[in-house]
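The structure appears below as structure tokens.
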Amino acid sequence: MSILLIITLFNIELLIKTDYKAIYLITIAILFILVIYLSFYVNKLKELEANIKLINKDLLEKQEELKKIAYYDYIAGLPNRNMFYKIMNEKLNTRFTNQASGSILYMDIDNFKNVNDTFGHDFGNLLLKKVAERFKSIKSIQKKDNYIFRMSGDEYIIVLNCKDEKKTEEIAIEIQNLFTEVFVILNEEIKVSISMGIVFFPKDGYTIDEILKKADLAMYKAKEVGKDGYKIYESKMKDEVENRVLLENSLRNALNKEEFILHYQPQIDLKTGRICGFESLIRWESWEHGRISPMEFIPIAEETGEIIEIGEWIIREACEFAMRIAEKYKKSIEVSVNISPVQLKRLNFVEMVKRTLKETGLDSSMLGIEVTETALMESFDDSIKKLEDLKNMGIKIYLDDFGTGYSSLNYLLRLPIHTIKIDKSFIDDMIIEKKGGKIISEIINLAHDLDLKVIAEGVEEEAQLSKLRRYNCDIVQGYIYSKALCEKGVYDLLDDRAKANY
Ligand code: C2E
Ligand code: CA
Ligand code: CA
């Protein structure tokens, strides 16, 4: 601008001197400079405009990214819980105008925690992703207004624009079938199942919280009946939960009220035909609820932590029982006790067992503890360390329910166990299915190769017994010999068999 000013001043001076030719030339020069100046600014403006566009694009991308973080789950690449609430709010709020209705399939991977603990979190994350991919692959879900969400951890929800119970069930079965095939992750093959709770809206609820609560309840019921299945919400489920709360309350006082009692099921050595031990099994005679199965109350006691005190009582009681038998019959007999994973995880578990043996005076070689594979998987290294300590003390370790968990040979070798107990389901199969017997004979041979003894659980039929004899099974336990007996029942049995030296 200053140049322009100088030139203009110079022009005026020339005008005064009335040199027209020079004025003409200088005017052209001024115009020329003006044009150059203007085009320079136009370019600058264009640059500025392009920059603004870029910034805008950047902002939009950032906005999209933020939306993704807020509404999508980066592990599974699915919409997340926030998006679920957003979409469900839209659906439920239009119910008076559009009558939005549909179903919700609430799913949870069975025993996912074990997968994480065993293979690590990165492996677990890859599994979550693969599970999401399987959900996405279902053709019947890929429709307008159907959605798949990863809610948190190992929980997924599928919202279907379908209120028809039969059709929803068909899709539920289709989803379950996706899991018959193993997953291959980092060269490991892993079999995974899911449990599912199904609710319909608005039939089962008008608010998201109500719908989720009921879906959770139905899913919990599916888990309760053995996982790997689905349950449609029914109003009686609510009553069952209320009943559970009542049980929980009664369980809290059951020990003080002396409502527990141990029963003992004899184990028979197949070579000698003699009783070689007893498994102690707890019984609860509740004043309020009558007799409750351990299958029902042990899981509750585990969840509430009550199992710690109850478990200590069981070990003491079983040790005292073994002492009374030794005293009465002048012959020691082994007693085994079921240990819950919650107990095994306790820091002072080994100490507690040691103290109980000392206080009751029972020789450690007369005590057995039964642990399940799933109990060990929950904290593998810690459990092994504790079992080794117990084994070194002379206590026998039984692997309970063998065949129902991972049953990997690799880790069977690492476990400090003496005996495996083949689960009743295998013993049942052995006379139903042709292959059943073969599996058992292979398990027995393998166990013997590893210097382990084998107990067959839940033997009920003569046909099972004769096969087990043929396969060289060491010990059997089951109704074919006796149910679990109260202490008086044990005395009657032993008195009866006393002539035969048990
Ligand atoms: P488990 O340790 O596998 O115990 C075997 C179950 O099978 C017992 O049921 C036993 O009575 C039953 N059983 C034995 N032989 C036969 C048979 O021939 N046929 C049939 N149908 N059943 C047979 P129970 O006493 O109801 O115990 C069920 C489960 O509850 C046990 O399974 C165990 O997991 C748990 N449990 C029982 N007592 C205790 C305990 O003192 N502590 C802990 N932590 N858990 C216990
Ligand atoms: Ca057992
Ligand atoms: Ca068992």
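Derivation of every value follows stated rules applied to the coordinates shown; laboratory data play no part. Because the structure is a prediction, the values reported are computed rather than measured. Cβ atoms come from the backbone with ideal geometry, glycine included; neighbour counts cover every protein chain shown.
Using DSSP, restrict attention to beta bridges with both residues in the chain and report what percent are antiparallel, rounded to the nearest 5.
Percentage antiparallel, nearest 5: 60.
Suppose a student asked you for the relative contact order of the chain, using Cα pairs under 8 Å spaced at least 6 residues apart; what percent would you report?
Relative contact order for the chain comes out at 10 percent.
Is the range 154-254 rounded, prolate or oblate when judged by the Cα gyration tensor, a ≥ b ≥ c being the square roots of its eigenvalues, rounded requiring a/c under 1.5 and prolate requiring a/b larger than b/c?
oblate
Sort 25-33, 270-278 for me by packing, meaning the mean count of neighbouring Cβ atoms within 10 Å per residue, highest on top.
270-278, 25-33
Would you work out the relative contact order for the range 288-366, in percent, from Cα pairs under 8 angstrom that are 6 or more residues apart?
In percent, rounded to a whole number, it is 34.
Give the relative contact order (percent, whole number) for the range 352-502; include only Cα pairs under 8 Å separated by 6+ residues.
It rounds to 16 percent for the range 352-502.
Per 0.36 nm of contour for each residue apart, how much would the distance between Lys46 and Glu90 grow if the chain were fully extended, relative to their Cα-Cα spacing?
Fully extending the segment from Lys46 to Glu90 adds 11.5 nm.
Once amide H atoms are built 1.01 Å from N in the peptide plane, which residues 5 or more positions from Ile232, or in another chain, come under 5 Å H to H?
Close amide H contacts, sequence-distant or interchain: Ile198.
Give the order of Thr374, Thr168 when sorted by the count of other beta carbons within 10 angstrom, beginning with the fewest.
So the ranking, lowest neighbour count to highest, is Thr374, Thr168.
Among Ile69, Ile325, Ser379, flag the residue with its Cα farthest along the positive direction of the charge dipole of the chain, charges on Cβ as +1 for Lys/Arg and -1 for Asp/Glu.
The one lying farthest along the dipole's positive direction is Ile69.
Expressed as a whole percent, how much of the Cα-Cα distance distribution for the chain exceeds 31 Å?
So the pairs more than 31 Å apart make up 61 percent of the total in the chain.
Which distance in nm do the two modelled labels at Leu347 and Glu181 give, with both placed 7 Å along the Cα-to-Cβ direction?
4.8 nm
Can you give me the Kirkwood hydrodynamic radius for the range 90-152, using every pair of distinct Cα atoms, in Å to one decimal?
Evaluated on the range 90-152, it is 14.2 Å.
Report, in listed order, any pair from Lys130/Lys231; Lys139/Lys163; Lys434/Lys483; Lys167/Lys227; Lys130/Lys424 with a Cα-Cα distance greater than 30 Å.
Cα-Cα > 30 Å for Lys130/Lys424; rest within.
Cα gyration tensor of the range 53-95, axes a ≥ b ≥ c as square roots of the eigenvalues: rounded (a/c below 1.5), prolate (a/b > b/c) or oblate?
Oblate, because a/c is 1.5 or more while a/b does not exceed b/c.
Sort the range 358-500 into rounded, prolate or oblate with this rule: let a ≥ b ≥ c be the square roots of the eigenvalues of the Cα gyration tensor; rounded if a/c is under 1.5, and if a/c is not under 1.5, prolate when a/b is larger than b/c, oblate otherwise.
Judged from the Cα gyration tensor, the range 358-500 comes out oblate (a/c at least 1.5, b/c at or above a/b).
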